[in-house]
Amino acid sequence: MESNSLILSIVSITNMVVLGVLIAMFAKMYAKTRAQLPIGMMVVASMLFLHNVIGAMGYFTMETYFVPEIFPYQLGVGIAELAGLLIFLKICFD
């Protein structure tokens, strides 16, 4: 595996871990309150999780099709998503 694809896959997998924690937190919130908002948040987090699953699979299986010049942009998007998710996770823990 090319190092660029490996780095992008690691970022996607890290995003999936954070999203899994968020989904579990929202499920716990829903179980306690029966409010509708946590259900919506679980749907959004699930779609982001699916996005990262597809992205990680793409990085693993289609690395020969990726142009090396696009790597910084893809990495920037992945890291920006990870930063946003970590901030969201911190807010949810508070």
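Of note:
- Solvent exposure of the chain, expressed per residue, is 65 Å² of accessible area, with all protein chains present and a 1.4 angstrom probe.
- Carbon and sulfur %, accessible surface of segment 32-84 computed with the full protein complex present, 1.4 Å: 77
- Using just its DSSP H runs of length 4 or more, each adding -39500 (n - 2.57), the chain gives a mean residue ellipticity at 222 nm of -30000 deg cm²/dmol after division by all residues.
- Cα-based Rg and Dmax for segment 11-50, where Dmax is the largest Cα-Cα distance (Å): 10.3, 33
- Computed from the C-alpha gyration tensor, the three semi-axes of the ellipsoid equivalent to segment 22-94 are 31, 14, 7 Å, from longest to shortest.
- Length added when fully stretched, A27-S46, from 0.36 nm per residue minus Cα-Cα: 5.7 nm
- Annotation note: trypsin sites (Lys or Arg not before Pro) in segment 12-94 located in DSSP loop regions with a Cβ neighbour count of at most 11 within 10 Å are R34.
The values are calculated or read from the model by the stated rules, or taken from the named source; none is laboratory data. On a predicted model such as this, the values are computed, not experimentally measured, just so you know. Every residue, glycine as well, gets a Cβ built from its backbone with ideal geometry; the counts of neighbours run over all protein chains shown. The area values use the complete protein model at the heavy-atom level, side chains included, leaving out ligands, DNA and RNA. Shrake-Rupley method; radii C 1.70, N 1.55, O 1.52, S 1.80 Å.
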